[in-house]
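Please read the structure below before turning to the comments.
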Amino acid sequence: METWAGSCPGLHLSLGIWVMIAALTPGNAKAEITCASCPSPVQLHLERLELGLRTGPTEEPSAPKFKELGVADQNAGVDEDQETGVASVEDLSPFPQDVSSDGVRTEGDTPGRSGESNRASVEEEREPLMGEGASALRRARRSGAEFAEFGQSRWTGRGNTRQDEPKIASSTFSLTGDSAHNHAVVYWSGQNSSVILILTKLYDFHIGSVTESTLWRSTDYGSTYDRMNDKVGSKTVLSYLYVCPTNKRKIMVLTDPEFESSVLISSDEGESYQKYRLTFYVLSLLFHHTEEDWALAYSHDQKLYSSVDFGRKWQLIHELTLLHISTMGQEGPPLQRTFQPHSINQYVTCRAQMCTEANRNYPFPGYIDISSLVVQDDYIFIQVPTSGRATYYVSYKRDSFIQIKLPKYSLPKDLHIVSTDEKQVFAAVQEWNQNDTYNLYLSDTRGIYFTLAMENVKTTREGNRLQPVMYVYVHQVAGIKGMLIANKREDNQVKTFITYNKGRDWRLLQAPATDLDGNDIHCILPFCSLHLQLQTSENPYLSGTISTKSSAPGIIVATGNIGAELSYNNVGMFISSDAGNSWRQIFEEEHNVWFLDKGGALVAVKQPSVPTRHLWVSFDEGRQWIQHSFSSVPLFVDGVLVEAGAENQIMTFFGHFSHRSEWQLIKIDYKSIFSRKCIEEDYQTWHLHNQGEPCVMGQKQIYMKRRPGNYCMLGKDYSRILSAESCICRAHDFECDYGYERRGDGNCRPAFWFNPSTVSRSCSQGQNYLNSTGYRKVVLNNCTKGVKEMYTARKQQCPNRPPKGLLVTTKNGKLTANLGSNITFLVHLDEGDSLRTNIQLDFGDGTAVSYSNLSWTEEGIKHVYKSAGIFRVTALAENTLGYDTTTLFLHVTCPVEHVQLVAPFVVIRNKEVNITAVVLPSHSRTVTYFWWLGNNTEPVITLDGSISYTFANEGMHTITVQVAAASTILQDTKIVAVKEFFKSLLLSFSPNLDEFNPDIPEWRQDVGRVIKKALLQEQLLVAVFPGVPTAAELFLLPHKNQSEGKKKSEEELEQASGVIVSALNQNLVEFELKPGVRVIVYNTQLTLAPLVDSSPRHSSSAMLMLLSVVFLGLAVFLIYKFKRYTFIFCHYFPLATARSKVSGELS
């Protein structure tokens, strides 16, 4: 089983990254669900969550994206059920320079016995992901290995002998002129069609786009090809090729958007094309699963389009669509998707041609996390936004969503859907205390209740920050129900385990008894065992490190090693022909192995890093291998397409003779290696077993296999299963139910956190429920009778019980809401008769509602608050046996638009002063105030907008306040002078100033600069108040170097103020505002104390300040020396200054 995921998810639920059961999924730091199982290639590439529909045709290159690929059961070729094939090849590296001219190695005639192992050095640099309909068959970086030439021989693993080699009909075709092209997409429709299409491209890594392309077409199964550029336009640069999955004669080819945005459409298997202009740039394309002319297109600017005439016309469905699109249903081109208006993600379903708001459905009532929608088989998974723990929901068969139940304290950091193709869900979960491993969980049929199958499964992370890749090393053996192979970390060692009952029981793999030379291997369990590498190839036309096939049950071919733990050194190729019970070594070097003839034959070719002219074929499940030549010149094999048509025996090799050569396509008709079609006498029976135990998954299964040495063809109608008989149920047919754990004695007991007496609230008096025995039957297990009745949940009558476990939450899970918004409350009850329990909800603002039973609250209880504040929301559940209550405190806020800090300009040392933060608008709200006072580094936090403070030291002190309301934080700052004593004057101006006062900060700043120019001899601080009539305040402070006594200083301060007052009273202070407009400054009042405490005039001015929209608070300091004192004109806003008649007296 092979699965995909990602950002299918951050369920962190992204198109096109491998998840394996050898699973490769996009991973994220946050909890995320990703998935994409591989029941069919269309799901393999379209169900990637990170879970984002971002991996379409504009991204170079990736795995195949549509069903025609036919990559099933981890076999790098096309399954006979698919009858299709697509390959993609790219040239990434140079040809080795140390290879002899004749390409012949002088050492070793046997496969896997070369002088030294030459493993592929895979190119690290990757192109961006490509779209559906293409697969990246990447050429590995050549390691400089010598060529190997094998004679015509039969290889048994213990020496070799010579005999006549059966001839294989083959033909080679070079794509002349494409030697520079480094990427190719090969399409073979199957269904007895002889047409093959190849699109080669030159992808420039420096500029990140395709610069050249050639389209080739063959009508004779690949013997010859015609260049089709004249049919599509000689200067047209093509990027991707798509084939309709329901009508293989219909083809779409997209042009590269760097040159033009068009689609070329063919209805005759690519013989002719019609070009249609597009108004958008296609990022990804998806065809309907039944209607051949229906398609969905996702654009680079996150818009979703639909077509019902195979791409000739497109209709915009919705903008800002994200993540996942999927077709389902039979009546129209329905789609399901998520979209993101204003950063709010919702799961929406609608008909593609009727996706207006009125026709949309919202299967999940709340919001979901971005990249968190997975649609796979009968299941839909989502992750809801939470502030801490991740919460996941599942919908089974498109029913309502139910929260997924993992063990209470698993506390997942990350979750990936690995598989859904055996009537249950396999999930890899990284728990709170795990870093480089995941736990494997299995669900019940509905995908709700998960139990642990294996702890600490080996994982690795690759890729980069934008495209992280996670491998989960679990492989589901194709063709054998319930059989898994996994790599588990144990005591800092990684070991391979196998299970035959979906993880209920695991054991190590028994190593082969002898090596290739027949020498005994002393490997004793549990200290030594066989360990396998469980990686499927990123290139679907190379077999990867493990291969199984549903049409060849029981045969497992894998790369591995023998020892105490898994190692990547001294590896070999191993095979099991009895479903993992026993193993044999077949090669000492890594090979790609494919299944031919319904799995009746195996073909092996060395890894792509080693050029070869030969392939090896086995008819007896790897015991003997026959060598065949398929090329006169050693070829770097980049991929093999196998069994594209059911009525022919053709496979195609793709590769290069060197990095400078053209693409080489070698067509091989392997029909000649079979002497005849198999008859009844050519078969023998094989009993599936688990170390001698004939009952596997509750059945005795008998299969037919071809007798070793019979070189006959199985044929299209061959069926392997001969009979299947149910077994008597025993303990190993049952796993622990949710909430139970297996103890040392093998029995399932309740976990410490689980209460087995809990009954669902949906269980009403008079009804029945199933009371768990602590066990549940392994899904798809077919056993009968025996202990089945003892272990199966028992039907019992629902008890009448008081309510318990009442919980009230908001729909979005938040404890804050904006004033005037519609808030939905959800009420949950763990226990109690939901149909006979009254529910009351008090919103805390004087209103309350009551419901006769809980069923009326399933859609949520809506309420709108008309004032801001903190409200106590109380829920009460009550029936005849008792009651339960719960409380929620909800913060209802309104937006904060402005904050102004109101504080005295000058204060007396050691005298308490009041400081206020005025917030606008002035609605009642929940606001948090953060005060930084007296140059302190840590804030004082209050819920009140006023604070009292005493300054202990003289000098200039900064006061800062921050106001936090909901997600808004505003700040204001003032500077306060702290003195032992001071004098202050209130100033007014001639009325003509008010005529030109727009009451904005900028005006006060400009007027301040004029006054400053006129009074350059001294420093003055003036505070000009907002509003009209225009007013200001002048502060007269002791000189900072004043050393005389306080009494004498006060006397001198009186004298200085007298001079200023006299000048003001005689109208000697004036300035010119504009030509012909002179403004006179007057004295209003003189005090000895801060006016903020006692002056009515000041209080009036303060009220004017509250009306100002913007407060800058930066003062211009114009200080005038008068003997030993300082006049400080202090203003909130820079006051205009001008030459004054009083300047001469102040000198």
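At-a-glance table
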item	result
Scope the range 601-637; condition within 20 Å of residue 169 (Cα to Cα) and not in a strand (DSSP E or B); matching residues	613, 619, 630, 631, 632, 633, 634
Count - residues of the range 957-1002 that are within 24 Å of residue 1031 (Cα to Cα), among the aliphatic types (A, V, I, L, M), assigned to a strand (DSSP E or B) and open to solvent by 20 Å² or more (accessible area, probe 1.4 Å)	1
Which numbered condition residue 279 fails, given (1) farther than 27 Å from residue 193 by Cα; (2) open to solvent by less than 20 Å² (accessible area, probe 1.4 Å); (3) of a type outside the set (D, E, K, R)	(2)
Condition check for residue 933: open to solvent by less than 60 Å² (accessible area, probe 1.4 Å) and within 30 Å of residue 870 (Cβ to Cβ)	yes
Criterion: touching a helix residue (DSSP H, G or I) at 6+ places or on another chain (Cβ under 8 Å) and of a type in the set (Phe, Trp, Tyr) - qualifying residue of 775, 738	775
The one condition in (1) modelled with pLDDT of 90 or more; (2) outside any strand (DSSP E or B) that residue 549 fails to fulfil	(1)
Residue list for the range 852-866, restricted to those being modelled with pLDDT under 90 and either under 18 Å from residue 811 (Cβ atoms) or in contact with a helix residue (DSSP H, G or I) (Cβ under 6 Å, 6 or more places away or on another chain) (or both)	854, 855, 856, 857, 858, 859, 860
Strands (runs of 3 or more DSSP E) lying entirely in the range 240-297 (those with 1 or more residues that are closer than 23 Å to residue 229 by Cα, modelled with pLDDT of 90 or more and among the small types (Gly, Ala, Ser))	262-266
Residue in the range 419-436 that is in a strand (DSSP E or B), modelled with pLDDT of 90 or more, under 19 Å from residue 566 (Cβ atoms) and not hydrophobic (A, V, I, L, M, F, W, C) present	no
Qualifying positions in the range 781-817 - open to solvent by 60 Å² or more (accessible area, probe 1.4 Å) and either over 39 Å from the mean Cα position of the chain (by Cα) or hydrophobic (A, V, I, L, M, F, W, C) (or both)	785, 788, 789, 790, 794, 795, 796, 797, 800, 807, 815
Strands (runs of 3 or more DSSP E) completely within the range 820-913 that count 1 or more residues being open to solvent by 20 Å² or more (accessible area, probe 1.4 Å) and closer than 19 Å to residue 800 by Cβ	822-831, 838-842, 869-879, 882-893
Hits in the range 571-591 (condition: open to solvent by less than 10 Å² (accessible area, probe 1.4 Å) and farther than 20 Å from residue 619 by Cα)	572
Residues satisfying the stated conditions in the range 765-784, i.e. part of a loop (DSSP other than H, G, I, E, B) and more than 29 Å from residue 881 (Cα to Cα)	778, 779, 780, 781, 782, 783
Residue within the range 560-570 that is over 23 Å from residue 675 (Cβ atoms), of a type in the set (Phe, Trp, Tyr) and open to solvent by 10 Å² or more (accessible area, probe 1.4 Å) present	yes
Residues being part of a helix (DSSP H, G or I), at pLDDT 70 or above and closer than 21 Å to residue 977 by Cβ - total across the range 1003-1033	1
Counted residues, the range 936-954 - those being within 30 Å of residue 871 (Cβ to Cβ) and assigned to a loop (DSSP other than H, G, I, E, B)	4
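The values are calculated or read from the model by the stated rules, or taken from the named source; none is laboratory data. Owing to the predicted nature of the structure, the values given are computational and were not obtained by experimental measurement. Every residue, glycine among them, receives a Cβ derived from its backbone with ideal geometry; neighbour counts consider all protein chains shown. The protein model used for the area step is the full one, side chains on, heavy atoms only, and it has no ligands, DNA or RNA in it. Shrake-Rupley method; radii C 1.70, N 1.55, O 1.52, S 1.80 Å.
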